[in-house]
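> Quick one: the structure is below, and I'll ask about it shortly.
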Amino acid sequence: QEALKQNSVKEEEIKAKEETIIGLYQQAIKLGRRSSAIVRHTVQLLLKNGRSSDALELLMNNGELRLAGKLAFEKGDFQRAEHIAREAIAAKPDDFQERIWLVQILLNDKRPDEARNELRKAVDLSPKDPDRWVALTSFMVFSTKNLQEAENVIHEAELKLPPSLRR
């Protein structure tokens with residue numbers, strides 16, 4: 001039992017030192033030291049010490065939307081992950097990968113209709129991009145299992161894609 005008490009003291013000392021380090025990192029960030037290494041170490045310590053909300057806030061405040069979204073997603077906070085993904089899309093509306101990320105969040109949050117709508121928006125933004133048509137068709141086949149709608153998407157793609165990219 002004495003050994004357990006000593007381990008408990010050591011754990012408390014470690015946690016206290018980590019909190020001091022977190023405070024120093026946060027102060028450095030406020031003073032303009034925003035290197036990815038400092039932000040990353042601070043986030044790691046915040047997470048280790050059960051402060052995921054602070055870690056998310058730090059990532060978002062330092063333009064690390066993708067990492068913040070990933071963290072929220074991994075924690076099962078789909079509402080926050082969606083909010084972050086929509087911010088990223090607002091900043092870069094034509095970025096297909098950002099929209100795909102949102103689609104994944106919506107699917108995991110069991111909202112396939114909204115996910116389909118986001119894919120449709122991605123296609124409408126760049127109808128000559130075959131990757132977008134493939135993503136939408138794959139979604140219809142594998143996520144919704146709606147083969148008729150997938151076939152309709154293929155026919156639409158054939159009409160809108162340049163001749164060199166048609167089958």
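> Could you check how many residues of region 72-109 are open to solvent by less than 20 Å² (accessible area, probe 1.4 Å) and closer than 24 Å to Arg51 by Cβ?
Of the residues in that region, 6 qualify.
> Next up: Would you check which residues across region 136-150 are touching a Lys or Arg at 6+ places or on another chain (Cβ under 9 Å) and in a helix (DSSP H, G or I) and list them?
Leu136, Phe139, Met140, Ser143, Glu149
> A further question on this structure: Pull up region 127-167, narrow it to residues that are open to solvent by 40 Å² or more (accessible area, probe 1.4 Å) and among the hydroxyl-bearing types (Ser, Thr, Tyr), then point me to the one that is modelled with the lowest pLDDT.
Ser164
> Across region 12-40, what is the total count of residues that are exposed (fewer than 10 other Cβ atoms within 10 Å of the Cβ) and not in a helix (DSSP H, G or I)?
2
> In the set Ala85, Ala90, Ala72, Ala81, which member is under 30 Å from Trp133 (Cβ atoms), touching a residue at least 24 places away in the same chain (Cβ under 8 Å), within 17 Å of the chain's Cα centre (by Cα) and in a helix (DSSP H, G or I)?
Going through Ala85, Ala90, Ala72, Ala81 in turn, just one is under 30 Å from Trp133 (Cβ atoms), touching a residue at least 24 places away in the same chain (Cβ under 8 Å), within 17 Å of the chain's Cα centre (by Cα) and in a helix (DSSP H, G or I): Ala81.
> Modelled with pLDDT under 95 and open to solvent by 30 Å² or more (accessible area, probe 1.4 Å): is that true of Glu114 in this structure?
Spelling it out, it is not the case that Glu114 is modelled with pLDDT under 95 and open to solvent by 30 Å² or more (accessible area, probe 1.4 Å).
> What tally of residues in region 48-64 results from selecting those that are within 15 Å of the chain's Cα centre (by Cα), within 19 Å of Glu19 (Cβ to Cβ) and charged (D, E, K, R)?
Residues in region 48-64 being within 15 Å of the chain's Cα centre (by Cα), within 19 Å of Glu19 (Cβ to Cβ) and charged (D, E, K, R): 1 in total.
> Select from region 130-167 the residues that are in contact (Cβ under 8 Å) with a residue 24 or more places away in the chain and of a type in the set (S, T, N, Q) and list them in ascending order.
Ser143, Thr144
The values are calculated or read from the model by the stated rules, or taken from the named source; none is laboratory data. Computed from a predicted structure; not experimentally measured. Here Cβ is always computed from backbone atoms with ideal geometry, including for glycine, and neighbour counts include all displayed protein chains. The accessibility values were calculated without ligands, DNA or RNA, using every heavy atom of the protein model including side chains. Shrake-Rupley method; radii C 1.70, N 1.55, O 1.52, S 1.80 Å.
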